[in-house]
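The next block holds one structure in the form of C-alpha cells; read it before the comments.
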Amino acid sequence: MASVALSEAEKVYIVHGVQEDLRVDGRGCEDYRCVEVETDVVSNTSGSARVKLGHTDILVGVKAEMGTPKLEKPNEGYLEFFVDCSANATPEFEGRGGDDLGTEIANTLYRIFNNKSSVDLKSLCISPREHCWILYVDVLLLECGGNLFDAISIAVKAALFNTRIPKVRVLEDEEGSKDIELSDDPYDCIRLSVENVPCIVTLCKIGYRHVVDATLQEEACSLASLLVSVTSKGVVTCMRKVGKGSLDPESIFEMMETGKRVGKVLHASLQSLLHKEESLGPKRQKVGFLG
C-alpha cells in the first residue's frame, strides 16, 4: 500500500490532534472527506462508477457474461473480482509492485460478498446447472490518497447499482434441446438490488482514539486498523484487522459500534445520491475525465 514519510514532530502533531477530536484537515474523528460519485462512465460495460474520496480515485466496471453455474451452487450466478493497481497511483505499484495489494483487496471483496443477503445471486441464474450470468467486477486504482477499502466498496456498490443485465428467454423445442434468446431492447433488462450490499468502514487506531477515512499521513501514524463491513441497516457482515499492531477487546467493540453508526449514514447518503443522479436521466452532464 502507498506510504508517506513523516517526521516524529509531524506524527506527534497528528496524534495529539486526534486525541482532541481535531484532525489536520479540520474534520472530527468520525467525519468523511467529500466523496464524489459518478456512474455510467464507461460505455462498453454493463455498469460502471467512478469514486473520488479526497485524493483516492477509483474506477469500477462491471461486465455481465454468460457462463456455467458452479457445481456447489447450480441455481445461482456469481461475481468475480479483479483489482488492478495502476502505476500512476504511486511509484510503488510499478512492475508487479501492486499485485499483492490487488490480491488482498480482491480477497476482501470476496469475503464481504460471500453471503446470501448481499446480492440476490439466484436472479442471475438463467437455467439451473446450465447457464447463468457471471458478473466480472474490475477495479482500477487510479490514485492513492488513503482509505482505499472504503472508496473501493463505495465504487463497487455504485457500479452494481448502475448494472443492467439483458433479459433472457429459454426456449425449448420438441426434442428437448434448449435455446437462449437474448432481448434486443436495451431497456428490457434486469437490475440488481443493492440495498443489502455492504460498504466497508475502515477505522484506524491512533493513540487512544480511532478515526474513519484516514489520510495517508494518518495511516502512517496508525499501527492497527479494523475493516468493518456494514449493511444499510447497520448489520456487520465481516471484520478484518490490518496492520502490525494489536487491538484490545474494548477498542474492537468501540470501533465496531462506530463502524455501524458511520456505515448507516454512509449508506443513506450514497443511496440518496445514486437515486438523484439516476433521476436526471441520460441528459445529465458528465463531469469526470471520461465524460
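The values are calculated or read from the model by the stated rules, or taken from the named source; none is laboratory data. For clarity, every value in this text was computed on a predicted model and none was experimentally measured. Cβ atoms come from the backbone with ideal geometry, glycine included; neighbour counts cover every protein chain shown. Calculation scope for accessible area: heavy atoms of the full protein, side chains included, ligands and nucleic acids excluded. Shrake-Rupley method; radii C 1.70, N 1.55, O 1.52, S 1.80 Å.
State all residues of the stretch 126-141 that are touching a Leu at 6+ places or on another chain (Cβ under 6 Å), open to solvent by 10 Å² or more (accessible area, probe 1.4 Å) and closer than 23 Å to K70 by Cα; if no residue qualifies, say none.
W133
Between residues in the stretch 274-291 that are open to solvent by less than 90 Å² (accessible area, probe 1.4 Å) and residues that are modelled with pLDDT of 80 or more and not hydrophobic (A, V, I, L, M, F, W, C), which pairs lie under 6 Å by C-beta distance while being six or more apart or on different chains?
G288/E38; G288/R50
Within the stretch 106-117, is even one residue in contact with a Ser or Thr (Cβ under 8 Å, 6 or more places away or on another chain), among the hydrophobic types (A, V, I, L, M, F, W, C) and outside any helix (DSSP H, G or I)?
Among the residues of the stretch 106-117, not one is in contact with a Ser or Thr (Cβ under 8 Å, 6 or more places away or on another chain), among the hydrophobic types (A, V, I, L, M, F, W, C) and outside any helix (DSSP H, G or I), which makes the answer no.
Take the residues in the stretch 1-49 that are of a type in the set (S, T, N, Q), outside any loop (DSSP other than H, G, I, E, B) and crowded, with 18+ Cβ neighbours inside 10 Å, then tell me which one is modelled with the highest pLDDT.
S48
Conditions (1) in contact with a Phe, Trp or Tyr (Cβ under 9 Å, 6 or more places away or on another chain); (2) farther than 17 Å from L148 by Cα; (3) among the hydroxyl-bearing types (S, T, Y), marked per residue:
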site: L203; (1), (2), (3): no, no, no
site: T215; (1), (2), (3): no, no, yes
site: E218; (1), (2), (3): no, no, no
site: E250; (1), (2), (3): no, yes, no
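For the stretch 55-100, enumerate the residues that are part of a loop (DSSP other than H, G, I, E, B), more than 20 Å from L140 (Cα to Cα) and open to solvent by less than 20 Å² (accessible area, probe 1.4 Å).
Selection gives P69, G77.
Regarding S193, is this residue surrounded by fewer than 22 Cβ atoms within 10 Å (Cβ to Cβ), over 30 Å from G17 (Cβ atoms) and touching a helix residue (DSSP H, G or I) at 6+ places or on another chain (Cβ under 6 Å)?
No: the conditions fail for S193.
Just one of the numbered conditions (1) in contact with a Lys or Arg (Cβ under 6 Å, 6 or more places away or on another chain); (2) open to solvent by 50 Å² or more (accessible area, probe 1.4 Å) is not true of G234; which one?
Answer for G234: the failing condition is (2).
Please verify whether L6 is of a type outside the set (F, W, Y) and out of contact with any Leu (no Cβ under 9 Å at 6 or more places or on another chain), treating the condition exactly as stated.
yes
Just give me the residues in the stretch 203-231 being among the hydroxyl-bearing types (S, T, Y), open to solvent by less than 70 Å² (accessible area, probe 1.4 Å) and more than 21 Å from the chain's Cα centre (by Cα), in sequence order.
Correct list: S222 only.
Among the candidates S123, S118, which residue alone is more than 16 Å from I58 (Cα to Cα) and either modelled with pLDDT of 90 or more or open to solvent by less than 10 Å² (accessible area, probe 1.4 Å) (or both)?
The unique qualifying residue is S118.
Only one of (1) of a type outside the set (S, T, Y); (2) at pLDDT 85 or above; (3) open to solvent by 40 Å² or more (accessible area, probe 1.4 Å) is not met by I152, so which one is it?
Result: I152 passes all but (3).
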